[in-house]
1. For region 1-121, which whole percent of the accessible surface, found with a 1.4 angstrom probe, sits on carbon and sulfur atoms?
2. Could you point to the residue in HIS102, GLY75, THR11 farthest towards the positive end of the chain's charge dipole, with +1 and -1 charges on the Cβ of Lys/Arg and Asp/Glu respectively?
3. Of ASP48, ASP68, ASP204, which has the largest mean-square fluctuation in a 10 Å C-alpha GNM of the chain?
4. How much of ARG53 can a 1.4 Å solvent probe reach, expressed as accessible area in Å² and rounded to 10?
5. Amide H of TYR197: which non-local residues (sequence gap of 5 or more, or other chain) have their own amide H closer than 5 Å, using H built in the peptide plane?
6. Helix-only estimate, please: 222 nm mean residue ellipticity of the chain, summing -39500 (n - 2.57) across DSSP H runs of length 4 or more and dividing by its residues, to the nearest 500.
7. At q = 0.16, 0.17, 0.22, 0.24 Å⁻¹, what base-10 log of I(q)/I(0) does the Debye formula yield for region 135-213 when every alpha carbon is treated as an equal point scatterer in vacuo?
8. In debye to the nearest 20, how big a dipole does region 35-90 give about its Cα centre with +1 on each Lys and Arg Cβ and -1 on each Asp and Glu Cβ?
Amino acid sequence: MLIIAHRGASTLAPENTLKAFTLAFEQQSDGIEFDTYQHDDAIIVFHDKTLGRTTNGSGFLLQTSLADLKQLDAGDGEVIPTLEAVLATVPDGALCNIEVKHLRHAETWVQDVKRAVEDAQINPNALLISSFNHHWLAEISALWPQVAVGALTATYALDATYCARQLKAKSINIALDVVNADFVNAAKQEGLDVYVYTVDEPEDMLQLKLWGVTGIFTNVPDIAKQVVG
């Protein structure tokens, strides 16, 4: 079972910062997950629409210039990183799950991500693009059919794998609150990987490993590595 650091090692370092991602890999995480917004001037790694929770700024992320964003403290003196900066922290072979929080123009997004991946010498096979907005995933897949997509959901639908089949997704990324053994079995029978978020309790980690999930997103990758070996 893969251990994916959720927004980096985000319990011990500010979430979605280079410090958090670097620490995650120092803790032997198998990969990282992070959130992105397609800003006018760059793809920004950040979770919220607004700046107040995780920085010393205020207002809306997308209404703030890139120059002003770079002046903010995202915790421990860290800055809000761009996609390029985050990819530079990823070691060879590590999984990189890019969650799309805002997509303005799919064609430009694909061009920018491809360029960043190439510059960082990331193996495209180690990428997983996920989103709760499955329309965006469909747009990205149409433009970049080689990249794997993960259908994010917080729902155990009546047809458990319908959304993933429609997208020809590689995985379903599902909330811990709704996943169960039957869901995992149904997804695996369709050839889908199953990633579960957000898993911080050892008891849950061991249960999910028993069910055979592909991986978990966790804020405590160091503990997860100890618990599941």
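The values are calculated or read from the model by the stated rules, or taken from the named source; none is laboratory data. Bear in mind the structure is a predicted one, so any value in this text is a computation, not a measurement. Cβ sites come from the backbone with ideal geometry, for glycine too, and all protein chains shown count toward neighbours. To get the accessible areas, we keep the full protein, side chains included, count just its heavy atoms, and leave off ligands, DNA and RNA. Shrake-Rupley method; radii C 1.70, N 1.55, O 1.52, S 1.80 Å.
1. After summing per-atom areas, the C and S share lands at 45 percent.
2. After comparing all options, I get HIS102.
3. ASP68
4. Probe radius 1.4 Å; accessible area of ARG53 about 130 Å².
5. HN-HN under 5 Å from TYR197: ILE174, ALA175, LEU176, PHE217.
6. -9000 deg cm²/dmol
7. Reported log10 I(q)/I(0), two decimals: -0.57, -0.64, -0.97, -1.10.
8. In debye, rounded to 20, region 35-90 gives about 120.
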